[in-house]
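Report on one structure; see the data block that follows.
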Amino acid sequence: MAELEQEDGEEKKSPKKLIIIIAAALILLIAGGGVTFFLMKGDSSKGEKVAHEDGAAVHPEKLYFDMSKPIIVDFPSGSAVKHGRITVSMLVEGAETIDVLKKNEPMIQNNLLMLIGAKDSSVLNTAEGKEMLRKAILDDVTAVLVKMSGKGKVDEIFFTSFVMK
């Protein structure tokens, strides 16, 4: 008789365990669904942002343009530095600007040779001198773009190599 009562007690506990397991599974499913909903909602807002940016043709893509040849300069004989070799890259707006730069690269190369050759090598050895040269190159390249195409924008000039001997 005691065994029968024990079996009845176990049977009564079993439905409670089953209900607890089902409730826990439901809670996990609801939590997982909520997390999925919020993650998907976050992804769609990013997608809308990208689609909005792609739809706006107002801001052209920024691209890098590397001058095909380094600028090699001989400094005057009285200078402590005799030779300089500088490689320049540019951050520009739009592929059209790169096309104009490629078409006019000989003119830009000439202007940069003249510009750098006219500078004092002792000034170019300082950080301030390099920054002044960078700004002068930016102005010169922008002037060529405006003269040859009427448009185009160079955002930044980068020295990818700057060697003076």
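Any chance you could list the semi-axes, whole Å, largest first, of the equivalent ellipsoid that the Cα gyration tensor gives for segment 62-164, using √(5λ)? All intermediate terms of the calculation are to be shown ahead of the outcome.
Numbers: eigenvalues 127, 32, 26 Å².
Working from the Cα gyration tensor, I get semi-axes of 25, 13, 11 Å.
Under a Cβ-only charge scheme (Lys and Arg +1, Asp and Glu -1), can you give me the dipole magnitude of segment 62-164 about the Cα centre, in debye to the nearest 20? Walk me through the numbers before you get to the answer.
Values: 13 positive and 13 negative charges, 32 e Å.
Using only the charged Cβ atoms, the result is roughly 160 debye.
Counting other C-beta atoms within 10 Å, which of Val154, Val88 has the fewest, and how do the rest follow?
Numbers: Val154 20, Val88 24.
Listing Val154, Val88 from fewest to most nearby Cβ atoms yields Val154, Val88.
Rule-based calculations on the coordinates, nothing more; no lab input. Note that the structure is predicted; figures quoted are calculated from it, not measured. Ideal geometry is used to build each Cβ from the backbone, glycine not excepted, and the neighbour counts take in all protein chains shown.
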